[in-house]
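Worksheet: one structure, shown below.
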Amino acid sequence: MTSTPATTPATTLDSPDCCAEFARLSPRGPSPTRRGLLRGGLGVGALAAFTATFGDAVVSAAPALGSSTAAPNGNVLVVLSLRGAADGLSLVVPHADPVYYQARPGIAVAASTLLAKDGMFGLHPEFAPLLPLWTAGKVAAVHATGLPAPNRSHFSAMEEVEDAAPGSTVREGWLNRLIGRDEVVGSDGPLRGVAVGDGVVPTALYGAEPVLAMRDPGSVQLAGADQWDTFGGRRRSIQTLWGGSSAPLGPSVRDALAAIDDFAPVRTGASAPANGAVYTSSSLGKALSYATRIVRGQIGTSVITVDQGEWDMHSDLGTLSWGAMRGNVKDLATNLAAFFKDLGTLGDKVTLVALSEFGRRVRENANYGLDHGYGNVMFLAGAGVKGGRYYGSWPGLTNTADADLLVTTDYRSVLAEVVSKRFGASTAEVFPGFSPTRIGVL
């Protein structure tokens, strides 16, 4: 990590307070409705993505389209979205920047408590469960990352981050563009147009390429084809009705039935974690354990997304003794460590990226919290990651009421390395109009 002058001026924003809306979409509120997210069910026909909702965590899995086999190189990308704008300055603390401690007299993390310290940064102490993977070179952090221009609205920023195509009017996420590449997905296939329960498709996965949504592995089955349907009449009747239909819904129904069949290894496979892995009982723990089952099932999944909320800490972010941040970090670290332990050797094919829609302000507020900001930190873990170190260019902090962590690395540059190094896909196709800067994290 190097310290360089800021290249982007601090920006004062006139953004609407969207936290009330974000709170309504939290597990304590009604169902999500953010733009770009769709709902669907078996037989609806157009939707795509396995999506399972666990409290504040949502899992979506985009199958490798075109066949029941894995992506050509068998690699899997897991994208973990920390919803609510996590504070990157608490996750990876810039202990050598004196402004950090000046701006946060109540909530700053003491340098003496940090883990994996180098001359500039250190990890929040609650990352301890993840420290072995960091030390083994399997986890890295890229600081001062974000959108090319500030955006302090949760949903507008999420959409920008996940579309990753500024100026485009096409409603298509970067992960949907990725799975549409021949290098990743191969030919056409059955796992399209399926959604189960209240699962939603994140903006990053939405687009022309079908994905499949579901609530949990056990629920990916034909409704009514249960223990009471002892002669398989439900399935036969649907096949009779739609098996040869040339109506627009016909192919979708046939694809849905095929996807249910292809998903069987996940649905019927072992649900208990392997290799002594222990997840927490939180929504994130359940979501990541489910993601592991998708990988283990080897049903041709190339991309899995996991959404986890509860990072919007305007108040009571707290200290190392109390508050929301310490618990969130511990839960995150514990479950990421369990995820890779559970995967075992399958982890050699799995790369995980964790990011948030934007960061928080540099200066703490009067409620032991932080308001919406700009720059943030991204984490990468697993296959191909050159970990155990911090990447990026540090802009230096400013202690004013509206000061942000400035962005020196466009987040798409980090994702572009994953796209090119793990899938061999064209970054120009996945991130149109963008010329990435080499980071070297993969």
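The values are calculated or read from the model by the stated rules, or taken from the named source; none is laboratory data. This is a predicted model, so every value here is computed, not measured. Ideal geometry is used to build each Cβ from the backbone, glycine not excepted, and the neighbour counts take in all protein chains shown. Heads up: the accessible areas ignore ligands, DNA and RNA and are worked out on the full protein's heavy atoms, side chains in. Shrake-Rupley method; radii C 1.70, N 1.55, O 1.52, S 1.80 Å.
For the stretch 368-389, the set of residues classified as part of a strand (DSSP E or B) and at positive phi consists of 382 only.
Of the residues making up the stretch 124-142, those that are in contact with a helix residue (DSSP H, G or I) (Cβ under 7 Å, 6 or more places away or on another chain) and open to solvent by less than 10 Å² (accessible area, probe 1.4 Å) are 124, 127, 139, 142.
Evaluated against (1) free of Cβ contacts under 8 Å to residues at least 40 places away in the same chain; (2) more than 18 Å from the chain's Cα centre (by Cα), residue 417 falls short on exactly one condition, (2). Whenever a residue of the stretch 330-353 is among the small types (Gly, Ala, Ser), its partners that are assigned to a helix (DSSP H, G or I), lying with C-beta atoms within less than 6 angstrom and at least six residues away or across chains, give the pairs 333/127; 333/129; 333/130; 337/129; 337/130; 347/340. Evaluate the following for residue 242: is it more than 28 Å from residue 301 (Cβ to Cβ) and either at pLDDT below 90 or of a type outside the set (Gly, Ala, Ser) (or both)? Answer is no for this residue.
Given the residues 305, 268, which is the only one that is within 30 Å of residue 241 (Cα to Cα) and among the polar types (S, T, N, Q)? Write out each step before concluding.
Numbers: 305 fails: within 30 Å of residue 241 (Cα to Cα).
After ruling out the rest, the residue left standing is 268.
Apart from one condition, residue 286 fits all of (1) among the basic types (Lys, Arg); (2) out of contact with any Phe, Trp or Tyr (no Cβ under 9 Å at 6 or more places or on another chain); (3) not in a loop (DSSP other than H, G, I, E, B); the exception is (2). Filtering the stretch 302-328 to residues that are part of a helix (DSSP H, G or I) and either in contact with a strand residue (DSSP E or B) (Cβ under 8 Å, 6 or more places away or on another chain) or crowded, with 24+ Cβ neighbours inside 10 Å (or both) leaves 325, 328.
Farther than 25 Å from residue 131 by Cα, of a type in the set (Asp, Glu), out of contact with any Pro (no Cβ under 6 Å at 6 or more places or on another chain) and crowded, with 22+ Cβ neighbours inside 10 Å: is that true of residue 371 in this structure? The answer is no for residue 371. Residues in the stretch 341-363 that are touching a helix residue (DSSP H, G or I) at 6+ places or on another chain (Cβ under 7 Å) and open to solvent by 30 Å² or more (accessible area, probe 1.4 Å): 346, 363. Going through (1) open to solvent by 10 Å² or more (accessible area, probe 1.4 Å); (2) closer than 20 Å to residue 348 by Cβ one by one, residue 418 falls short only on (1).
Scanning the stretch 261-283 for residues that are of a type in the set (Val, Ile, Thr) and either open to solvent by less than 20 Å² (accessible area, probe 1.4 Å) or in a helix (DSSP H, G or I) (or both) yields 266, 268. Taking the conditions (1) more than 19 Å from residue 287 (Cβ to Cβ); (2) out of contact with any Gly (no Cβ under 8 Å at 6 or more places or on another chain); (3) part of a loop (DSSP other than H, G, I, E, B) in turn, residue 257 satisfies each one other than (3). When 84, 88, 122, 106 are screened for being in contact (Cβ under 8 Å) with a residue 12 or more places away in the chain and within 11 Å of residue 377 (Cα to Cα), only 88 passes.
Of all residues in the stretch 206-243, those being assigned to a loop (DSSP other than H, G, I, E, B) and of a type in the set (D, E, K, R) number 5. When the stretch 390-442 is filtered for residues that are in a loop (DSSP other than H, G, I, E, B), in contact with a strand residue (DSSP E or B) (Cβ under 9 Å, 6 or more places away or on another chain) and under 25 Å from residue 302 (Cβ atoms), the ones remaining, listed by number, are 434, 436, 439, 440, 441, 442. Annotation note: Cβ proximity below 7 Å between a residue of the stretch 214-226 that is open to solvent by 40 Å² or more (accessible area, probe 1.4 Å) and a residue that is hydrophobic (A, V, I, L, M, F, W, C) (sequence gap 6+ or interchain) occurs for 215/52; 215/196; 216/52; 221/260; 223/42.
Among the residues of the stretch 93-114, write down those that are open to solvent by less than 20 Å² (accessible area, probe 1.4 Å), under 15 Å from residue 317 (Cβ atoms) and not in a helix (DSSP H, G or I). Selection gives 93, 104, 107, 109.
Per the listing 377, 385, the residue uniquely open to solvent by 10 Å² or more (accessible area, probe 1.4 Å), under 24 Å from residue 336 (Cα atoms), touching a residue at least 60 places away in the same chain (Cβ under 8 Å) and β-branched (Val, Ile, Thr) is 385. All of 177, 152, 192 fail the test of being modelled with pLDDT under 95, buried (at least 23 other Cβ atoms within 10 Å of the Cβ) and not in a loop (DSSP other than H, G, I, E, B), apart from 177. Whenever a residue of the stretch 394-406 is at positive phi and modelled with pLDDT of 95 or more, its partners that are part of a strand (DSSP E or B) and polar (S, T, N, Q), lying with C-beta atoms within less than 9 angstrom and at least six residues away or across chains, give the pairs 396/3. When 281, 246 are checked against the criterion of being within 24 Å of residue 308 (Cα to Cα), free of Cβ contacts under 8 Å to residues at least 12 places away in the same chain and either touching a His at 6+ places or on another chain (Cβ under 9 Å) or not aliphatic (A, V, I, L, M) (or both), a single residue qualifies: 281.
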